[in-house]
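Novice: Here you go, one structure.
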Amino acid sequence: MELQAALAEYERNGIAVFAISYDSVGTLGAFSDKYSIAYPLLADEGSVVIRRLGLLNEQLQEHHAFYGGSVRDDQLGVPYPGAFILDERGVVIQKRFEDSYRARETAVGILEGAFGMVSEVHGPEATAMHEGVTVRAYLDSPTYRSMQRLRLTVELRIADGLHVYGTPIPDGYVPLTMEVGPVDGMVIGDLEAPEPIPFTIPGLDEAFQVYEGSVKVALPLTFELATADQVLDVTVRYQVCSATDCRPPAALQLQLPVSVLNHVERPG
Amino acid sequence: MPTPQPFPSTDFMAIGPPVGVRFPDVVLPDQHGTLVDLHATRGTRPALVVFYRSARW
């Protein structure tokens, strides 16, 4: 139970968790007992709420036809799988639904990506240090399974008086980027990075965007296949400068192991 | 496990309660049969509301 495993982190951050499906109270009770679920599993039998909220997955039939399967009667009434993020007033601030039919984020990934909280629980991490910058990389989960989206977070701690570049950037300078070596079936999403701050050097026309102090960037990695344990080769590129001079561009290599999880776990 | 193929995509921002609006009132029984009022239970806490296919399949 991935969400159950992360529940303490949600509670520590004062976030309520609810899961809704069309299962009966009996089904959910048995499931809850088996996996020791401590958050509410709400039983929307007959999919009344799912329909009222406009979340009924009408694509399911079409989807199964697309893959050559068929839909059993008891599979009708399912919602689009995904999550709503509510603020303190109960207002929807984000919708986390996936384009890809079954891709799912991890609970820790949502905690960090949607709520902006820092989880104390995550996958293995690797650190490296070069040119006054300490780089720490970690995955939000030590395991992955088919159609799951993990977040690769890279945190840079930049020594005082130094900065690294963001984008846009004038020609000839290297911005902060990260790459992950190819893994069969792994799709790399767009880099999530905070807004850099403008930086100008007296006497130069060029406008720079920089990061100072501590900066955290993340890369969504969607695993469409779960074939084998992997070691992700992460390359973090950046160029360190002070107000007066720049070092050569750096490329730090880090390795993060992630093991495959083939047994089915639900609900997310 | 078949290799995933491109499937007609859905505009998920158009599905379900919109961003910027209070999430609708939901009162449903939990796994113990106790009625749960989502907003009342949430109180003043932010919340994660997950919709999933089923605990059975």
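The values are calculated or read from the model by the stated rules, or taken from the named source; none is laboratory data. Predicted model, so just to flag it, every value in this text is computed and none were measured. Here the Cβ positions follow ideal geometry from the backbone for every residue, glycine too, while neighbour counts run over all protein chains shown.
Novice: Evaluate segment B:28-43: report whether one residue or more is assigned to a strand (DSSP E or B) and under 20 Å from A:Ala114 (Cβ atoms).
Specialist: no
Novice: Can you work out which of the residues in segment A:114-147 that are in a strand (DSSP E or B) and among the hydrophobic types (A, V, I, L, M, F, W, C) is nearest to A:Asp160 (Cα to Cα)?
Specialist: Here the answer is A:Val133.
Novice: Another question, if that's okay. Determine if segment A:82-94 includes at least one residue that is more than 9 Å from chain B (Cβ to nearest Cβ) and either modelled with pLDDT of 80 or more or within 24 Å of B:Val26 (Cβ to Cβ) (or both).
Specialist: No, segment A:82-94 has no match at all.
Novice: Considering only residues that are aromatic (Phe, Trp, Tyr) and not in a helix (DSSP H, G or I), look in segment A:1-32 and name the one that is surrounded by the fewest Cβ atoms within 10 Å (Cβ to Cβ).
Specialist: Of everything passing the filter in segment A:1-32, A:Phe18 is surrounded by the fewest Cβ atoms within 10 Å (Cβ to Cβ).
Novice: Look through A:Pro198, A:Pro202, A:Pro249 and report the one residue that is farther than 26 Å from A:Gly116 by Cβ, free of Cβ contacts under 8 Å to residues at least 24 places away in the same chain and not polar (S, T, N, Q).
Specialist: When all the criteria are applied, what remains is A:Pro202.
Quick grid of which residues meet (1) in a loop (DSSP other than H, G, I, E, B); (2) within 18 Å of the chain's Cα centre (by Cα):
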residue: A:Gly172; (1), (2): yes, no
residue: A:Val183; (1), (2): yes, yes
residue: A:Pro248; (1), (2): yes, no
residue: A:Leu254; (1), (2): no, no
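Novice: Give me a count of the residues in segment A:168-219 that are at pLDDT below 85 and aliphatic (A, V, I, L, M).
Specialist: Adding up the residues that qualify gives 3.
Novice: With the checklist (1) touching a Phe, Trp or Tyr at 6+ places or on another chain (Cβ under 9 Å); (2) buried (at least 17 other Cβ atoms within 10 Å of the Cβ); (3) closer than 21 Å to A:Val108 by Cβ in hand, flag the one item A:Asp140 doesn't pass.
Specialist: Unmet condition: (1).
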